[in-house]
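The values are calculated or read from the model by the stated rules, or taken from the named source; none is laboratory data. What you are looking at is a predicted structure, and each value in this text was computed from that prediction instead of being measured. Cβ: placed from backbone, ideal geometry, glycine included. Neighbour counts: every protein chain shown. These accessible areas exclude ligands, DNA and RNA; they are computed on the full protein's heavy atoms, side chains included. Shrake-Rupley method; radii C 1.70, N 1.55, O 1.52, S 1.80 Å.
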Amino acid sequence: MKLRRIAAVWTSKLVARICKMLGKQGVTWAGKIALMIDPKILTELAGDVKEKIYVVCGTNGKTTTNNLLCSTLEAQGKKVVCNHTGSNMLNGCVASFVLSTGWNGRLDADYACIEVDEASALRIFPHFKPDFMVLTNLFRDQLDRYGEIDITMNLVRDAMKLAPDMKIIVNADDALSVFVTQESGNPYVTYGIGEKVFEESINEIKEGRFCKKCGAKMEYNFYHFSQLGDYYCSACDFKRPEIKYNASEIETGDHLAFCVDNRRIKANYRGFYNIYNILASYAAAREAGLLLENFQKVLDAYNPENGRNEHFSIDGTEIILNLAKNPAGFNQNISAVMEDKTLKDIIILINDNDQDGTDVSWLWDVDFDRFQSDNINSIVVSGIRCQDMRLRLKYVDIPANLEQDVEKAIRERIANGCKNLYVLVNYTGLYSTHNILKRMEEAS
């Protein structure tokens, strides 16, 4: 065992522990320091994984899919390395491996489930070659960082080509993800929803208006949200491929349910988009040859964390915290909120820090007019760009109260609200709001 590797492990663990004592995540710092001390540490630790390495990539759903896949593998008695917190760039990836080692620098793991940022895959894959990539979807996200969707697609495709033997588990309903996968030349399998679920689809902006193969207009037999659905090109042979892991007999509302592989799967949380997350996790584990006879038990026990449909109960108020960081994700959050027909309060927090994307023009592509409903008791806007959010709502004649401090906003709604509160935040508001709610819940 190299002394440099042991020094990297000890130092990183110490940094992570100090950061945690200070109430900070500290994951990326731990990874950065480990790489500085031992630049080969990620390659060496990834090589210690006994069976398979997964990466989960895509615009929305990465953290939920990755964490659920990890829980699924652990339920099979497997030891798994996982970046649960969603730190998905190079330093966060390194930290997930380093912090899973013993103090002797040794890693004892059967699998690794690593969430990977689309733009960071090109920096991560030179260190190790995954066995599988789960590609959830490709939507427009953070224009100041990623640019237009074509840039993101090129980054993902180029990363795939760095690992030509890596099998892609791709969302068949997303024409952009399928095109990138087919263009890469990697082996792939598909998952998706092969039936029409909603009689009327939301009028959302679709990224896949035109065929990436020939440029002609794309047509849809039906679509579920954004550009996801049953598509085909009006001029060439590009179309949705045959679905291997096909979800059917869909139920949505106060719970989710569907059939796949002649199994009925149920989950006790909302959000149609979560069917894709569950299905992706299921498909990924099945591709590793696991039978998943206890998959339903995994779902029953699974508790969404890190602000993904995370539930809190504080002084008689039931609170749901959820991440909403781009138009497609926000529209699906709105759908999940509106599936609750009871009276509700809503807090929307919008920041424009570097990690969020400093361009908040995407707010104008979200269908906020759907909040014009009698079962909305109140809307409070918060965060650095609360004025922008308030103006956006004003343009669809929705009044909103302003409170830049999210903790004050939460406390006021707990004291004077209808006891049913949804808190929707973009990226940099997530961790701090989670900590606020956790602290308040423990004190109540």
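Figures for the structure shown
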quantity: Extended-chain gain in nm, criterion 0.36 nm per residue less alpha-carbon gap, Lys161 and Lys129; calculated: 10.5 nm
quantity: Under Karplus coefficients 6.51, -1.76 and 1.60, residue-wise ³J(HN,Hα) of region 423-430 in Hz, glycine/proline x; calculated: 10, 10, 10, 8, 4, 6, x, 5
quantity: Lys, Arg +1 and Asp, Glu -1 on Cβ, resulting dipole of the chain about Cα centre, debye, nearest 20; calculated: 1440 debye
quantity: Sites Asn375 and Asn416 - FRET efficiency at Förster radius 25 Å, r taken between beta-carbons, to 0.05; calculated: 0.90
quantity: All aspartates and glutamates inside 15 Å of Lys239 as judged from Cα atoms, apart from same-chain residues fewer than 8 positions distant; calculated: Asp173, Asp174, Glu183, Glu219, Asp230
quantity: In region 342-439, the chymotrypsin sites (Phe, Trp or Tyr not before Pro) that fall in loop regions by DSSP, at most 16 other Cβ within 10 Å; calculated: Tyr395
quantity: The chain: C-alpha pair distances exceeding 33 Å, %; calculated: 35 percent
quantity: Residue-span extension gain [Asp367 to Ala235] - 0.36 nm each, minus C-alpha spacing; calculated: 44.4 nm
quantity: Unsatisfied cross-links (Cα-Cα over 28 Å) in the set Lys13/Lys297; Lys344/Lys408; Lys20/Lys161; Lys52/Lys217; Lys40/Lys244; Lys79/Lys297; calculated: Lys13/Lys297; Lys20/Lys161; Lys52/Lys217; Lys40/Lys244
quantity: Accessible area per residue in Å² at 1.4 Å probe, computed on region 1-155; calculated: 40 Å²
quantity: DSSP loop trypsin sites (Lys or Arg not before Pro) with at most 14 other Cβ within 10 Å excluded, longest remaining stretch of the chain; calculated: 210-340
quantity: Region 1-83: GluC sites (Glu not before Pro) in DSSP loop, at most 15 other beta carbons within 10 Å; calculated: Glu51
quantity: J(HN,Hα) series, region 234-239, from Karplus relation 6.51 cos²θ - 1.76 cosθ + 1.60, nearest Hz, glycine and proline x; calculated: 6, 10, 10, 8, 6, 7
quantity: Distance between modelled label sites at Asn303 and Glu51, nm, 7 Å Cα→Cβ extension; calculated: 2.5 nm
quantity: Using a Förster distance of 25 Å, the FRET efficiency for Lys2-Glu74 (Cβ separation, nearest 0.05); calculated: 0.30
quantity: Chymotrypsin sites (Phe, Trp or Tyr not before Pro) within region 81-118, DSSP loop, no more than 16 other Cβ atoms inside 10 Å; calculated: Trp103
quantity: Carbon + sulfur, % of accessible area of the chain - ligands and nucleic acids excluded, 1.4 Å; calculated: 48 percent
quantity: Net lengthening on full extension, Asn154/Arg209 (0.36 nm per residue, minus Cα-Cα); calculated: 18.0 nm
quantity: Nonlocal amide H pairs with Glu115, under 5 Å, H built at 1.01 Å; calculated: Val56, Asn83
quantity: In Hz, Karplus ³J(HN,Hα) per residue of region 358-372 (6.51, -1.76, 1.60; θ = phi - 60°; x = Gly, Pro); calculated: 7, 8, 9, 4, 4, 4, 7, 9, 9, 7, 5, 4, 5, 7, 7
quantity: For region 241-389: accessible area per residue (Å², 1.4 Å); calculated: 38 Å²
quantity: For region 70-199: rounded, prolate or oblate by the Cα gyration tensor [a/c cutoff 1.5]; calculated: prolate
quantity: Net charge of neighbours whose Cβ lies under 15 Å from the Cβ of Ala109, counting Lys and Arg as +1 and Asp and Glu as -1; calculated: -2
quantity: Projected label distance in nm at Lys341 and His255, using a 7 Å step from Cα toward the beta-carbon; calculated: 1.7 nm
quantity: Amide hydrogen neighbours beyond the local backbone of Ile193, cut-off 5 Å, H modeled; calculated: Asp173, Ala247
